[in-house]
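Heads up: the structure comes next, in structure tokens.
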Amino acid sequence: MNTYPVRIAARSDQPGRWLWLVKWLLLIPHYVVLAVLWLAFAVLTLVAYLAVLFTGRYPAGIFAFNVGVLRWTWRVGYYGYWVLGTDRYPPFTLADVPDYPARLEVDHPASLSRGLVLVKWWLLALPHYLIVAVFAGGWGIGLHFPVGGGGLVALLAIIAMVVVAAKGRYPGGLFDLIMGMNRWCFRVLVYAALMRDEYPPFRLDVGGPDPASSPSPAPVAGDGPTSLAA
């Protein structure tokens, strides 16, 4: 298995039978905060674009913040309608929470291509956008966000909850498939947000643990922790 510097992981955490019916309501505070955070993410990504274009480096502070937004978004998605994989309410933090059942991390690159930054987010990523549009609904990665989209991921998560309501157990095979789709979406999002140059693989890496994780390098000066505990 080839390694990839974006790690999307979750551990099995059997949800209850009925809480999923009201999670859209319980998550409203997160949706409000994430709307603000994603606005900041967009502005800072533009700043990072200019930095990469002129220096070949993604500013460490911006990188740490943007990873935090992705991490927060993934926890909300895991609790909510991307997986419905836990009933544990997501924490309000950009930091990694090691004991939360859903985790995300991205290795900070030592340098980035100044040429690729001009084309990877719109031209090179286009084939992936078509796939992510099916997974997340709408037109791809812009809708892989907890207040919008839907697509195949949300449909399968609802089906899983129907099974949970009937049998009291989240079907393992369906969980693995949903995780693979979410992992694909986030890898594309990281690439489109200019945070890595490695092209996302065209494959479903299914399961809770990320099967394509790479060991984290030593942190870049100014970075926070960059690795997930095994």
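Since every read-out is calculated from the coordinates, none of them should be taken as a lab result. Predicted model only: the values in this text are computed from it and were never measured. Glycine also receives a Cβ, built like all others from the backbone with ideal geometry; neighbour counts cover every protein chain displayed.
In terms of surrounding Cβ atoms within a 10 Å radius of their Cβ, TYR58, TYR89, TYR100, TYR79 rank from fewest to most as TYR89, TYR100, TYR58, TYR79.
Do the sum for the chain: with -39,500 (n - 2.57) for every DSSP H run of n ≥ 4, divided by all residues, what is the mean residue ellipticity at 222 nm, to the nearest 500 deg cm²/dmol? Could the numbers behind the result be given before it?
Details: 6 runs with 101 residues, N = 230.
Result for the chain, helices only: -14500 deg cm²/dmol.
For the range 29-42, backbone phi angles converted through the Karplus equation (6.51, -1.76, 1.60; θ = phi - 60°) give residue-by-residue couplings of x, 5, 4, 5, 5, 5, 4, 5, 4, 6, 5, 5, 4, 5 Hz, Gly and Pro being listed as x.
What is the packing order of peptides 48-55, 190-197, 8-15, 92-99, taking the mean over residues of other C-beta atoms within 10 Å and listing the highest first? Working shown, then result.
Working: 48-55: 15.4, 190-197: 21.6, 8-15: 18.8, 92-99: 12.8.
Put in order of decreasing packing, that is 190-197, 8-15, 48-55, 92-99.
Using Cβ contacts closer than 10 Å as the measure, can you line up LEU84, LEU39 from fewest to most?
Details: LEU84 24, LEU39 10.
The most exposed by this proxy come first: LEU39, LEU84.
How large is the dipole of the chain about the Cα centre if only Lys and Arg carry +1 and Asp and Glu carry -1, each at its Cβ, rounded to the nearest 20 debye? Before the final figure, lay out each step's value.
Details: 17 positive and 12 negative charges, 62 e Å.
In debye, rounded to 20, the chain gives about 300.
Taking Cα atoms only, the orientation of helix 60-79 departs from the longest principal axis of the chain by about 10 degrees.
Shape analysis of the range 54-124 places it in the prolate category; the axes a ≥ b ≥ c from the Cα gyration tensor give an a/c of at least 1.5, with a/b above b/c.
Distant-in-sequence amide contacts of LEU112, defined by a placed amide H-H separation under 5 Å and a gap of 5 or more residues or a different chain, comprise ARG57, TYR58. The residues TRP24, TRP72, TRP122, when put in order of fewest to most other Cβ atoms within 10 Å, stand as TRP122, TRP24, TRP72. Rounding to the nearest 10 and keeping the result within 0 to 90°, find how far the Cα-based axis of helix 172-192 lies from the longest principal axis of the chain. Its long axis makes an angle of about 20 degrees.
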